[in-house]
Amino acid sequence: MHANIVAVTQFILEQMPESCRFNQKDGEILLSLRPYLYPLEAKLVNGFYDLLYSHPPTASIFDPTERENREWTLRNWWRRTLDGPFDLQYWAWQAAVGIIHIRRKVKNPMMIGMWGWILNFIGKEISNYLSYKEFLSATEVLHRLAATAQALTAESYLHHYLIALSQATGTELQLLDRLVLIELTQIQEFLSQRH
């Protein structure tokens, strides 16, 4: 893993409140759920890509002939997530997804929406096997996993998008930040006049 992605990963993780991000105890709980989660792989992968290929904006990103490769990528992530460990390499991999999404033109609303689908799918499936208290605990763990992965993917996307823009135009990041703030001020003034 490139050293820069590791530094970006560490920075993003530090921005999240500790109680909101995935932790060691969460990892232990998730690993204990493996007997319920492993058997979901085929159904999760098929449902995930059935949805992506049926929704025009996401379907336009994929070539129908690559579905098997994309499914393998999701299977690999699922297995690695269920087996752990949840170390810096794992989280840097999640941050690297942001770079991949830029290349593939996967937008953050698509990614966040699919995380919602994953959480709903898993929740419905495991609710059949767990007590209410166990289900609540599992749901909290899964939500912290999702929040951590989403933060890493989305912020890495933005960070690397801006770096690429800065390098392509020769514009320093600080200047881009100032230009964005100026533009936002103008947008806010326009919006306040309309309300």
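The values are calculated or read from the model by the stated rules, or taken from the named source; none is laboratory data. Because the structure is a prediction, the values reported are computed rather than measured. Quick reminder, even Gly has a Cβ in these numbers, built from the backbone with ideal geometry, and neighbours come from all protein chains shown. Please note that ligands, DNA and RNA were not included when accessible areas were found on the heavy atoms of the full protein model with its side chains. Shrake-Rupley method; radii C 1.70, N 1.55, O 1.52, S 1.80 Å.
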What nm distance separates the two modelled labels at residue 20 and residue 127, each placed 7 Å from Cα along Cα→Cβ? 2.6 nm
Around residue 49: net Lys/Arg minus Asp/Glu count, Cβ-Cβ under 15 Å: -1
So residue 172 and residue 54, fully extended at 0.36 nm per residue minus their Cα-Cα distance, gain in nm 38.4 nm
What does the charge add up to near residue 101, with Lys and Arg as +1, Asp and Glu as -1, over the other residues with Cβ less than 15 Å from its Cβ? +4
Listed candidates (i) 196; (ii) 135; (iii) 172 - label of the one calculated as volume of the Cα convex hull per residue in Å³: (iii)
Any chance you could run the full-extension gain for residue 89 through residue 103? It's 0.36 nm times the residue separation minus the Cα-Cα distance, nm to one decimal. 2.9 nm
Potential extension, residue 66-residue 10 segment - 0.36 nm per residue separation minus Cα distance: 16.9 nm
Gaussian network model of the chain, springs between alpha carbon atoms under 10 Å - residue of 123, 84, 170 with greatest fluctuation: 170
Roughly what angle does helix 108-126 make with the longest principal axis of the chain, taking Cα atoms, 0 to 90 degrees, to the nearest 10? 20 degrees
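Could you report the range 1-130's accessible area per residue, 1.4 Å probe, as an integer in Å²?
That works out to 57 Å² for each residue.
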Quickly work out the residue 119-to-residue 191 label distance, labels modelled 7 Å from Cα along the C-beta direction, and quote it in nm with one decimal. 2.3 nm
Of the listed pairs 25/105; 25/124; 25/107; 43/107, those with alpha carbons more than 29 Å apart are 25/105; 25/107
Inter-probe distance in nm under a simple model that places probes 7 Å from Cα toward Cβ, at residue 143 and residue 34: 2.7 nm
Taking every other residue with Cβ under 15 Å from the Cβ of residue 185 and scoring Lys and Arg +1, Asp and Glu -1, one gets -2
